[in-house]
Amino acid sequence: MAASPMWKVYNSRKEYRAACKDISEAAVLVAFLGDGSTIRAEHTLILWTEGSEGQSAAESYDHVVEVVHGRLSAHRSAVAEKQAKRAGELAAAHRAARSR
């Protein structure tokens, strides 16, 4: 069984409408659904909100792809930094506990 596509599209009423394999496909849908519709990574991380961006998805699907990729990359970097910091804190606590 194939995995569900990563990109999820919700309408302005926060109702799940579609799953897409490509961000550009999701961009077409949010352009059609209009203001307030969103592109999400899986079902949680909102990466594009139609009507709240510098331009609409209909103006440039390529722009949507660039923005979504950039935001996802920034999110993943922030998560990795947080995990690394937490791992360092746990290692320090473990060393402190062993030295007692």
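Just so it is clear, none of the values below were taken in a lab; they were calculated from the coordinates. What you see is a predicted model, and the numbers here were worked out from it, not measured in a lab. Glycine gets a Cβ as well: all are built from the backbone with ideal geometry, and neighbour counts include every protein chain shown.
I need every pair where a residue in the stretch 57-83 that is over 16 Å from Ile46 (Cα atoms) has its Cβ under 6 Å from the Cβ of a residue that is polar (S, T, N, Q) and surrounded by 12 or more Cβ atoms within 10 Å (Cβ to Cβ), sequence separation at least 6 or different chains.
Listed by first residue and then by second, the contacts come to Tyr61/Ser24.
Would you point out the residue of the stretch 79-100, among those that are in a helix (DSSP H, G or I) and among the charged types (D, E, K, R), that is surrounded by the fewest Cβ atoms within 10 Å (Cβ to Cβ)? Even if it seems obvious, please write down each step before you answer.
Step one: of the stretch 79-100, the residues in a helix (DSSP H, G or I) are 79-98.
So of that shortlist, the ones also among the charged types (D, E, K, R) come out as 81-82, 85-86, 89, 95, 98.
Values: Glu81: 10, Lys82: 10, Lys85: 10, Arg86: 10, Glu89: 10, Arg95: 9, Arg98: 7.
Result: Arg98.
Condition first: in a strand (DSSP E or B) and surrounded by 13 or more Cβ atoms within 10 Å (Cβ to Cβ). Now tell me which residues in the stretch 1-18 satisfy that.
We begin by selecting, within the stretch 1-18, every residue in a strand (DSSP E or B); these are 7-10, 16-18.
The answer is Trp7, Lys8, Val9, Tyr10, Arg17, Ala18.
For Ser52, are the conditions met, namely being polar (S, T, N, Q) and surrounded by 12 or more Cβ atoms within 10 Å (Cβ to Cβ)?
Working: polar (S, T, N, Q): yes; surrounded by 12 or more Cβ atoms within 10 Å (Cβ to Cβ): no.
In short, no.
Of all residues in the stretch 60-78, which are of a type in the set (A, V, I, L, M, F, W, C) and loosely packed, with under 13 Cβ neighbours inside 10 Å? Break it down into steps so the answer makes sense when it comes.
From the stretch 60-78, those of a type in the set (A, V, I, L, M, F, W, C) are 64-65, 67-68, 72, 74, 78; that's our starting set.
Those that are of a type in the set (A, V, I, L, M, F, W, C) and loosely packed, with under 13 Cβ neighbours inside 10 Å: Ala74, Ala78.
Hey, can you tell me all the residues within the stretch 19-40 that are part of a strand (DSSP E or B) and surrounded by fewer than 17 Cβ atoms within 10 Å (Cβ to Cβ)? Steps first, please.
The initial filter retains those residues of the stretch 19-40 that are part of a strand (DSSP E or B), namely 19-20, 38-40.
Answer for the stretch 19-40, where residues must be part of a strand (DSSP E or B) and surrounded by fewer than 17 Cβ atoms within 10 Å (Cβ to Cβ): just Ala19.
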